[in-house]
Protein chains: 2
Amino acid sequence: MDAVTRRAWAYLSRVAEPPNPELAQLVCKVGAVEAADLVRRRDRNLDDRLKRSTQARHELDCAESDLDILDRMAGRLVTVDDDEYPGLAFTALRHVTVDDKRPQAHAPLVLWTVGPASMIDVAERSAALVGTRAASAYGEYVAGDLAVGLVERDVAVVSGGAYGIDGAAHRATLAADGVTVAVLACGIDVPYPSGHSALFHRISRSGLLVSEYPPGMRPTRRQFLSRNRLVAALGRATVVVEAGVRSGAANTAAWADAMGRMVGAVPGPITSASSVGCHTLIDGDAKVITRAADIVELIGRMGELAPDLERPVSELDALTGAELAVYEALPRRGSRTVDEIAVTAGLPVTDVLGPLTMLDVRGLVTQVDGCWKLAKR
Amino acid sequence: MDAVTRRAWAYLSRVAEPPNPELAQLVCKVGAVEAADLVRRRDRNLDDRLKRSTQARHELDCAESDLDILDRMAGRLVTVDDDEYPGLAFTALRHVTVDDKRPQAHAPLVLWTVGPASMIDVAERSAALVGTRAASAYGEYVAGDLAVGLVERDVAVVSGGAYGIDGAAHRATLAADGVTVAVLACGIDVPYPSGHSALFHRISRSGLLVSEYPPGMRPTRRQFLSRNRLVAALGRATVVVEAGVRSGAANTAAWADAMGRMVGAVPGPITSASSVGCHTLIDGDAKVITRAADIVELIGRMGELAPDLERPVSELDALTGAELAVYEALPRRGSRTVDEIAVTAGLPVTDVLGPLTMLDVRGLVTQVDGCWKLAKR
């Protein structure tokens, strides 16, 4: 990408609050350089809505310094024209809206990214692990455990970089040498929350930091809600690990659901406030997630099913109804005659002999002096 | 009921392993006295299957002593002919079967009961709370908490009298002065498990002990499975509080489901082995139960819906998208001009004034020297 085009994209990234469908349309029609020029000049042929939405910032041109910051972080500007732009993942974003407080779910025009991971690869096999900042020790443990299980199954872990569940998922993924993506609601150079600045640095070294917002932008509620749609779009499934009765995680799940993606939630103690949101989701359409294999089943290739739970097996499982009745008619200690067994089991004498022989063959009973007793185990 | 009829019922209760549909058919046709006589004499016109199933015990007549035990416990023999027989509750049992190890789910012919509660009343408004004997402290707490909530809502609590979840449900119901029913897999005079003999005594004083088996019968696997169908039938809904990967509680839930009754399950930590069965049920068709009101919603009268969860409300909830954007464009400290606000919010200046006025009216912002700042809260 030449310097002029790059500056045009950076300018467009800041000039309107993303996502802005009119701006996307214009860029699609005339290209980034021409679009930036038209907006900057407030060309009289500009769409009225676009004129309004770019009015406040059209003179604000920090493209040069924004790109300097990106370069110093060795980051990339990934645009809709780029090979790395995960168009397929964002296709589902078109025309989706969840409620009127939220901007419409259009695909992003420009993404500011730092890190070696490729967004295309990530979007191919990934899961979003999200949850409340007010996580319990249980929630953080489970987030970490699921993240490690996903890494073992070659799944990238997408989250929002927040305290609590998000942080636990990112950290565990890094610890397991997996690929993790943090989608930020602020500029990639803004350490928000500040306690995660070292974590973001580590993610930028092995995974990916992604933001729709130019450098320096502080996060706002609107941006958090808008960011959630990108978390949901970059994860092939969204799993809520813990969420209170009101939670941004439930919002991310709503985005995923609106995009037709699978949503899962982890159950927890009903006595825990931070599992209330998960139970509400499960009571709806969310899948119950109890292990990483359940998530892989949601996102995996055809036939990649979670193995059945291991069930302890008892020797008595293989017995027929009559065999079980005869077996249970024998006392723990002492022995019984065939007639006594018949009475206790409520079976005709003739129906007791066959089962006794079969139980004998299985080594479960033995015969002593014409009476039967349980075999010593 | 005259003494002869009563003895006939008691005899029939023991002569074949219940439930026995051929015996029930015969009793229905000729009455208990005549049926007992025919079986005892091994009448040649008897159905062949019935002849076989009563062969081992037809000479065994402990009716007299069985009734003595019942009388000493001040109990009642409740038969299909009885007013107290909850025929409606048992209607669903007809022709239901879950798997071939289990006897078919026919309605019981005779029930041995002790306690002041009426089975008809119980069956009208009741819930079965069941679960694993290997309950966790969490499970026992939740069982007790749900039981108390059910008592507050005039719901009788049915369970199986076992250690763990069953015991916790019975005990909490008694403590809250509610009605609890223990359906036993052994004779009503058999203290099984022995550690619950005092509990059974208390239940027999204020609630109800119920068994399909005559006095003295020890429990067997077959009887446990058969008993579970009565627990499911006497509860308008069945709720599994905790269950391992293999659990009798899941069996009770399967009975309830087969009868077309509602099944609920309580989620728990995914790290807990005793919640695995609940999560499997929830992953199927079981409702998520997080409070007693959820159970009442399953069993209650029309319109008896659980209240919505209380959601904390923020003053910002009522703001429009533009108002929120303007509000968030103001810094925590210091003030901004209208133009500055417009740039930060990405809105035209003309779209900032209206929202500012509305925010001022709500007391969220104030104007100082032509600039705007967040109001002190």
- prompt: Mind listing the Cα extents of the protein assembly as shown along all three principal axes, in Å, largest one first?
  reply: 109, 57, 40
- prompt: What percent does the relative contact order of the range A:270-377 come to when contacts are Cα pairs within less than 8 Å and at least six residues apart?
  reply: 20
task: Enumerate the lysines that A:K29 could reach by cross-link, defined here as Cα to Cα under 21 Å, with residues fewer than 8 away along the same chain left out.
output: A:K51
Summed residue charge, Cβ within 15 Å of B:W372's Cβ, Lys/Arg positive, Asp/Glu negative: -1
task: Compute the Rg to Rh ratio over chain B from the alpha carbon atoms, using the Kirkwood formula for Rh, and round to two decimal places.
output: 1.27
- request: Could you work out the local net charge near A:E297, counting Lys and Arg as +1, Asp and Glu as -1, over the other residues with Cβ closer than 9 Å to its Cβ?
  value: -1
query: So how much slack lies between B:R333 and B:L60, counting 0.36 nm per residue of separation and subtracting their Cα-Cα distance, in nm?
result: 89.1 nm
- request: State, as an integer percentage, the relative contact order of chain A based on alpha-carbon contacts under 8 Å between residues 6 or more apart.
  value: 13
field: Coarse-grained scattering of the range B:1-60 at q = 0.14, 0.16, 0.18, 0.19 Å⁻¹, given as base-10 log I(q)/I(0) from a Debye sum over alpha-carbon atoms
entry: -0.31, -0.40, -0.51, -0.58
message: List the aspartates and glutamates whose Cα sits under 19 Å from the Cα of A:K373, skipping any in the same chain fewer than 8 residues away.
response: A:E315, A:E323, A:E328, A:D339, A:E340, A:D351, A:D360
Cβ-based net charge around B:E84, under 12 Å, with every Lys or Arg adding one and every Asp or Glu removing one: -3
- request: Enumerate the lysines that B:K287 could reach by cross-link, defined here as Cα to Cα under 22 Å, with residues fewer than 8 away along the same chain left out.
  value: A:K287
Axis-nearest residue in chain A [Cβ, rotation onto B], distance in whole Å: A:P267, 2
Average other protein chain Cβ within 10 Å of Cβ, residues A:262-273: 5
Helical mean residue ellipticity (222 nm; -39500 (n - 2.57) per DSSP H run of 4+; nearest 500) of chain A: -13000 deg cm²/dmol
field: Point-to-point label distance, B:L309-B:K373, nm (Cα→Cβ direction, 7 Å offset)
entry: 3.9
message: Taking the square root of 5 times each eigenvalue of the Cα gyration tensor, what semi-axes in Å does the equivalent ellipsoid of the range A:151-273 have, largest first?
response: 21, 18, 15
task: Please give the peptides B:15-21, A:243-249, B:312-318 ranked by average Cβ packing (other Cβ atoms within 10 Å per residue), highest first, as a rough proxy for protection.
output: A:243-249, B:15-21, B:312-318
Normalised contact order of the range A:237-315, rounded percent, pairs of Cα under 8 Å and 6 or more residues apart: 29
field: Evaluated at q = 0.13, 0.15, 0.21, 0.26 Å⁻¹: base-10 log I(q)/I(0), Debye formula over Cα of the range A:162-225
entry: -0.31, -0.41, -0.80, -1.17
message: Normalised by the empirical 2.2 N^0.38 Å for globular proteins, what value does the Cα Rg of the range B:282-377 take?
response: 1.77
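Every number here is computed from the coordinates shown, using simple stated rules; none is lab data. Given the structure is predicted, the values throughout are model-derived calculations rather than measurements. Here the Cβ is made from the backbone with ideal geometry for all residues, glycine too, and neighbour counts use every protein chain on show.
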